[in-house]
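Below: one structure, written as structure tokens.
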Number of protein chains: 2
Amino acid sequence: MNRERVLEAAVTLADEIGIDALSMRRLAQEVGVVPMALYKHVADKEDLLDGMVEVIIREIDPPVLDSCWRDAIRHRVLSARSALHHHRWARQAIESRSKPTPSVLEYQDSFAGIFLAGGFTPDLAHHVMHALGGRMWGFTQELFGGSGNPKGNAQPPASPDAQAEMFAHMARLYPNIVTIATATPHDDDSVVGRGCDDQYEFEFALDLLLDGFERLHRRRWTSER
Amino acid sequence: MNRERVLEAAVTLADEIGIDALSMRRLAQEVGVVPMALYKHVADKEDLLDGMVEVIIREIDPPVLDSCWRDAIRHRVLSARSALHHHRWARQAIESRSKPTPSVLEYQDSFAGIFLAGGFTPDLAHHVMHALGGRMWGFTQELFGGSGNPKGNAQPPASPDAQAEMFAHMARLYPNIVTIATATPHDDDSVVGRGCDDQYEFEFALDLLLDGFERLHRRRWTSER
DNA sequence: ACAAAAGGCATACGTCGTACACCTCATTCC
DNA sequence: GGAATGAGGTGTACGACGTATGCCTTTTGT
């Protein structure tokens with residue numbers, strides 16, 4: 001029983017019960033050990049979460065170097081996305097860290113490297129990485145995600161007429177949201193605002209940004225401070 | 001002593017000690033009351049946080065309707081940004097909510113309204129709101145923000161030579177990050193990845209997106225599903 | 001005047017992270 | 001071979017946390 005086994009168990013347990021329900025005690029029970037035993041392999045819970053993030057990062061494809069920067073970035077981002085998609089709690093975990101671990105820095109460094117190798121000035125590379133923001137990790141800013149928070153509060157489907165009244169109610173209060181939400185089909189039955197980070201939406205935003213980057217890059221944009 | 005006073009006290013207390021350190025007990029002590037007394041005005045802690053978010057939203061300027069969509073969006077976003085800037089914990093609080101409250105929906109609805117009034121199709125409006133993501137609230141996805149988490153872990157400035165060695169160490173491990181980070185001055189002494197969401201960076205990304213929206217809008221983009 | 005509601009209080013339970021002391025081995029060194 | 005060492009598992013305990021429950025006091029509506 002070493003650190004790696006603990007982290008692995010933590011990851012699969014978080015997959016099952018969500019990151020909020022993951023406690024040291026629950027994890028200890030899962031690996032068949034007394035809670036305090038975990039502290040021989042992990043400094044504290046923060047360290048545990050750092051380790052879990054590390055595990056996720058290892059699942060992301062390494063950068064491909066033999067293609068143009070745009071393809072390389074796009075591939076890497078979508079690979080990160082698919083890795084995080086298998087661990088719904090990962091987004092929250094990554095964002096909750098207060099200090100970047102070495103593996104996180106390494107990940108970001110590889111991104112910077114792709115831009116620089118593609119001929120971006122450090123200045124522009126800096127700004128575009130900011131603009132990418134969390135999309136670098138494969139997720140849009142999902143407000144009200146419920147990621148890794150699978151509480152049992154999924155209310156029963158409700159009767160059709162109650163549903164209809166609910167819809168009318170929404171349309172009265174938030175006409176624009178309803179207009180927009182009904183314009184495009186969604187994976188789930190949510191409206192804008194609930195975490196509907198569809199693949200299509202994600203790639204839409206990603207490509208919009210990449211287009212912008214390309215344009216700036218071509219016209220030799222500089223921040224002229 | 002009503003709900004409003006409780007929320008107000010919670011907001012100012014969170015401003016002081018951060019959102020993580022804000023507990024029901026600590027808040028009760030602050031308003032000079034026993035912990036359980038709070039539950040007469042607030043259903044539970046979730047409800048408290050919802051209420052705090054509501055308070056913040058009220059600080060955001062109402063939408064300006066007599067200008068083009070682009071100015072209206074830009075103004076609203078920057079107003080939200082400045083409101084959230086005064087309450088560093090707000091970002092985390094907003095993102096931690098699992099269900100949108102009415103005031104949050106109203107806020108998002110007003111955004112949708114601006115796009116629709118500007119002639120966007122519901123389809124395009126939908127996608128651009130996704131692309132905006134959290135920037136709608138005035139923040140970039142800040143990884144490792146420490147927002148509202150002002151722990152006392154700010155180590156002393158360290159000696160200049162130790163600092164130099166640290167820098168050399170970083171440059172060896174993460175050459176690209178260091179290249180990029182030193183290309184542009186920052187408010188704080190952080191590198192890319194630590195929450196350096198400068199105003200300039202934010203507006204850079206925002207305008208990049210708005211440019212993209214404008215282009216799509218002009219060429220009558222559709223998702224052609 | 002009196003019932004009812006609203007609002008504050010005291011106690012208590014279960015959960016959490018983790019400090020601390022102890023124990024039990026396997027390994028290492030003479 | 002026997003003692004020292006140290007890594008790894010254990011047991012107990014502490015102080016936080018959110019909050020259920022029940023009681024009491026004060027205000028309010030009739």
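Once the C-beta distance of A:T12 and A:S98 is scaled by a Förster radius of 35 Å, the resulting FRET efficiency is 0.90 to the nearest 0.05. Converting phi to 3J(HN,Hα) with the Karplus coefficients 6.51, -1.76 and 1.60 and the offset θ = phi - 60°, segment B:69-79 yields 4, 5, 5, 4, 4, 4, 5, 5, 4, 5, 5 Hz in sequence order, with x at every glycine or proline.
Computed across segment A:66-126, the Kirkwood hydrodynamic radius from all distinct Cα-Cα pairs reaches 12.9 Å. Normalising the Debye intensity of chain B to I(0), with uniform scatterers on Cα atoms only, and taking log10 at q = 0.07, 0.12, 0.16 Å⁻¹ returns -0.31, -0.81, -1.13.
The relative contact order of chain B, computed from alpha carbon pairs under 8 Å that lie at least 6 residues apart in sequence, is 21 percent. Summary for A:D61: label point 7 Å along Cα→Cβ; distances to the equivalent points in the other copies, ascending, 4.5 nm. For B:H86, the label point sits 7 Å beyond Cα toward Cβ; its separations from the matching points on the remaining copies run 4.7 nm, from shortest to longest. Of the accessible area of the protein assembly as shown, computed with a 1.4 Å probe over protein heavy atoms only, carbon and sulfur atoms account for 53 percent. Working note: Karplus 6.51/-1.76/1.60 with θ = phi - 60° gives segment A:37-52 the couplings 5, 4, 6, 7, 10, 9, 5, 6, 5, 4, 4, 4, 5, 4, x, 5 Hz, where Gly and Pro are set to x. With the simple spin-label model, which puts each label point 7 Å out from Cα in the Cβ direction, the A:A162 to B:R172 separation comes to 6.5 nm.
Averaged per residue, chain A has 48 square angstrom of accessible surface, using a 1.4 angstrom probe with ligands and nucleic acids left out.
Let me confirm one metric for peptide A:164-173, namely the mean number of other chain beta-carbon atoms within 10 Å of its residues' beta-carbons. Walk me through the intermediate numbers first.
Working: counts 0, 0, 0, 0, 0, 0, 2, 0, 0, 4.
Counting Cβ atoms of other protein chains within 10 Å of each residue's Cβ and averaging gives 1.
Multiplying the residue separation of B:E106 and B:R218 by 0.36 nm and removing their Cα-Cα distance gives an extension gain of 37.6 nm.
Residue by residue through A:104-111, how many Cβ atoms from other chains fall within 10 Å of the Cβ on average?
Mean shielding by partner chains, rounded to a whole number: 5.
The translational diffusion coefficient of the protein assembly as shown, from Stokes-Einstein at 4 °C and 1.567 mPa s with a Kirkwood hydrodynamic radius over alpha carbon pairs, comes to 55 µm²/s.
Taking the label point 7 Å along Cα→Cβ, B:R172 and its counterparts in the other copies are spaced 6.9 nm apart, in ascending order. Across segment A:206-214, rounded Karplus estimates of 3J(HN,Hα) from the backbone phi angles (6.51 cos²θ - 1.76 cosθ + 1.60, θ = phi - 60°) give 4, 5, 4, 5, 4, 4, x, 4, 4 Hz, Gly and Pro being marked x.
May I ask for the accessible area buried between chains A and B, both sides summed, probe 1.4 Å, to the nearest 100 Å²?
6100 Å²
Taking the alpha carbon gyration tensor of segment A:1-113, multiplying each eigenvalue by 5 and rooting it gives semi-axes of 30, 14, 11 Å, largest first.
The values are calculated or read from the model by the stated rules, or taken from the named source; none is laboratory data. All values derive from a computational prediction rather than experimental measurement. Glycine gets a Cβ as well: all are built from the backbone with ideal geometry, and neighbour counts include every protein chain shown. To get the accessible areas, we keep the full protein, side chains included, count just its heavy atoms, and leave off ligands, DNA and RNA. Shrake-Rupley method; radii C 1.70, N 1.55, O 1.52, S 1.80 Å.
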